[in-house]
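A.B. asks: I have a structure I would like to understand better, so I am pasting it below and will then ask my questions one at a time.
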């Protein structure tokens with residue numbers, strides 16, 4: 001049985017509701033020169049600005065975001081380690097364009113391959129990793145398309161791992177933002193996407209990031225550039241300031257400068273007009289629950305995840321946080337057992353519900369301890385020790401001799 005134990009917290013913030021802007025009447029003029037564009041806040045996925053977001057267009061090496069996503073999933077689930085050795089095939093070596101100049105038979109670590117892909121946009125590195133993970137590039141491409149479907153990317157189809165121009169290889173600004181957001185959930189990727197310059201092969205091969213924002217935009221931490229004759233100049237740019245992580249996607253800009261200008265304009269707009277209000281942080285203590293038959297009488301309930309609310313600056317918004325905990329539980333309790341829920345709403349609409357879980361184990365009392373408590377309860381009213389019988393006040397006057 002649940003009960004609401006605390007905090008219908010009404011936050012009358014001087015922060016505004018979210019408005020999605022598209023190019024057209026009432027939209028901000030960001031001066032973006034591209035086929036398609038979108039700006040999202042990464043934690044919530046909310047769209048802050050969009051222009052032709054669902055147009056199917058070639059995306060060049062921005063494709064590598066999906067390649068890196070599958071690599072990072074394999075690392076995080078234990079299929080790969082960053083120290084694993086990848087042996088380069090003749091097929092991988094044959095790929096031109098942006099490369100890390102792999103040689104057939106050469107052996108590099110997954111860590112070095114990720115550097116080559118993320119920083120130097122290495123087409124050959126993508127193929128080598130695809131073959132290492134899936135056995136062939138075509139099998140890896142099948143994995144890419146399957147992942148796109150799982151993520152709800154409705155306007156995407158991959159033909160290769162690296163984005164070289166090919167028939168039937170396309171995506172959209174919205175879909176690129178979706179896979180970018182998913183990649184950023186794997187925090188280790190920032191170790192690669194935020195590199196400005198580095199080296200491989202013991203310092204013999206120099207790397208310089210194709211994403212110039214890493215060097216000259218405050219908070220930039222990724223993500224991937226791309227350019228081909230069909231796709232023109234593309235970019236998925238990520239940047240974080242304070243608690244807000246933004247993703248700006250530009251597809252089909254006529255020049256490299258215009259793709260960076262467009263991304264800067266969107267990121268500037270986002271940081272100037274929006275902020276993130278943290279409602280719950282993972283690990284927050286949200287109260288305690290009584291424990292029957294436990295070695296201790298209560299257990300703390302902590303938030304299993306966090307919740308941040310994106311708000312528009314300069315307005316006013318009603319955000320409520322409702323904490324619901326079990327009235328009691330019976331030992332044994334194990335750390336991580338669900339004890340309740342915290343619900344965050346905005347204007348009456350549920351934004352998020354987060355499980356509240358036991359912070360620690362609570363073991364069940366021994367039979368001996370329970371019998372002792374029973375005896376004390378029966379004979380001494382539950383006292384832990386015998387209390388002296390109260391005496392009447394001593395009479396006033398001379399002390400007794």
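A.B. asks: Here are some residues: 144, 153. Which one is surrounded by 15 or more Cβ atoms within 10 Å (Cβ to Cβ), in contact with a helix residue (DSSP H, G or I) (Cβ under 6 Å, 6 or more places away or on another chain) and within 20 Å of residue 237 (Cα to Cα)?
C.D. replies: 153
A.B. asks: Can you tell me which of (1) exposed (fewer than 13 other Cβ atoms within 10 Å of the Cβ); (2) closer than 24 Å to residue 305 by Cβ; (3) in contact (Cβ under 8 Å) with a residue 12 or more places away in the chain is the one residue 326 doesn't meet?
C.D. replies: (1)
A.B. asks: Which of the residues that make up region 105-118 are touching a strand residue (DSSP E or B) at 6+ places or on another chain (Cβ under 9 Å) and surrounded by fewer than 24 Cβ atoms within 10 Å (Cβ to Cβ)?
C.D. replies: 105, 106, 107, 108, 109, 110, 112, 115
A.B. asks: How about region 114-139: which of its residues are more than 20 Å from residue 228 (Cβ to Cβ) and in contact (Cβ under 8 Å) with a residue 24 or more places away in the chain?
C.D. replies: 114, 115, 128, 129, 131, 132, 133
A.B. asks: Take residue 305 and decide whether it is touching a strand residue (DSSP E or B) at 6+ places or on another chain (Cβ under 6 Å), outside any strand (DSSP E or B) and under 29 Å from residue 46 (Cβ atoms).
C.D. replies: Considered against the rule, which asks whether it is touching a strand residue (DSSP E or B) at 6+ places or on another chain (Cβ under 6 Å), outside any strand (DSSP E or B) and under 29 Å from residue 46 (Cβ atoms), residue 305 comes out as yes.
A.B. asks: Please pick out the residue among 294, 252 that is crowded, with 22+ Cβ neighbours inside 10 Å and either more than 23 Å from residue 165 (Cα to Cα) or in contact (Cβ under 8 Å) with a residue 24 or more places away in the chain (or both).
C.D. replies: Just a single option satisfies the conditions, and that option is 252.
A.B. asks: For region 194-209, indicate whether the set of residues that are out of contact with any strand residue (DSSP E or B) (no Cβ under 8 Å at 6 or more places or on another chain), surrounded by fewer than 21 Cβ atoms within 10 Å (Cβ to Cβ), at pLDDT 95 or above and more than 20 Å from residue 80 (Cα to Cα) is non-empty.
C.D. replies: Within region 194-209 (the criterion being out of contact with any strand residue (DSSP E or B) (no Cβ under 8 Å at 6 or more places or on another chain), surrounded by fewer than 21 Cβ atoms within 10 Å (Cβ to Cβ), at pLDDT 95 or above and more than 20 Å from residue 80 (Cα to Cα)), the answer is no, since none of the residues qualifies.
A.B. asks: Continuing with the same structure: Would you mind finding the one in 296, 289 that is assigned to a loop (DSSP other than H, G, I, E, B), farther than 30 Å from residue 39 by Cβ and either touching a strand residue (DSSP E or B) at 6+ places or on another chain (Cβ under 6 Å) or at pLDDT 90 or above (or both)?
C.D. replies: Testing whether each residue is assigned to a loop (DSSP other than H, G, I, E, B), farther than 30 Å from residue 39 by Cβ and either touching a strand residue (DSSP E or B) at 6+ places or on another chain (Cβ under 6 Å) or at pLDDT 90 or above (or both) leaves just 296.
A.B. asks: So residue 96 clears everything in (1) in contact (Cβ under 8 Å) with a residue 40 or more places away in the chain; (2) under 19 Å from residue 166 (Cβ atoms); (3) surrounded by fewer than 17 Cβ atoms within 10 Å (Cβ to Cβ) except one condition, right? Which one?
C.D. replies: Result: residue 96 fails condition (1) only.
The values are calculated or read from the model by the stated rules, or taken from the named source; none is laboratory data. Since we're looking at a predicted model, the values are computed, not measured. Ideal geometry is used to build each Cβ from the backbone, glycine not excepted, and the neighbour counts take in all protein chains shown.
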